[in-house]
1. Taking Cα pairs under 8 Å and at least six residues apart, what relative contact order does the stretch 1-62 come out at, in percent?
2. Roughly what would the spin-label model give for residue 20 and residue 66, points 7 Å off Cα along C-beta, in nm?
3. Find how much the distance from residue 99 to residue 7 grows on full extension, using 0.36 nm per residue of separation minus their present alpha carbon separation; answer in nm with one decimal.
4. With viscosity set to 1.567 mPa s at 4 °C, what whole-number translational diffusion coefficient in µm²/s follows for the chain from Stokes-Einstein and a Kirkwood radius over Cα pairs?
5. Using mean Cβ contacts within 10 Å as the protection proxy, how do 15-25, 42-52 order, highest first?
6. In whole angstrom, how far apart do the alpha carbon centroids of the stretch 5-77 and the stretch 94-113 sit?
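Derivation of every value follows stated rules applied to the coordinates shown; laboratory data play no part. This one's a predicted model, so the numbers in the text were calculated from it and none came from an experiment. Neighbour counts are summed over all protein chains in view; Cβ atoms, including those assigned to glycine, are modelled from backbone coordinates with ideal geometry.
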């Protein structure tokens, strides 16, 4: 899986936590870095912050969909709680998690309930 988050401490913490459960995890700290690793890494799920520098998470999601289609599950990982009331599929996402997400919420969106 790929964690895309500009808060390096948060990104590394989530990445380390999911790695400890045996997942293969890559971390990117901005949109261009995420786009450079998504094709060679081929993640099955991307946790994507929406308020990234340079490229927004919405733009990164659009480009990942162009590169990978529906082969990757996109999860908006954001502090914008109002997204929970919108149809996130219209933005290209499969799910949304509001920060700070619990481990149970993360595992649930991954399908590991």
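1. In percent, rounded to a whole number, it is 41.
2. About 3.9 nm separates the two model spin labels.
3. Gain in length upon complete extension: 31.9 nm.
4. Stokes-Einstein gives a translational diffusion coefficient of 94 µm²/s.
5. In decreasing order of mean packing, 15-25, 42-52 become 42-52, 15-25.
6. Comparing the Cα centres of the stretch 5-77 and the stretch 94-113, I get a distance of 14 Å.
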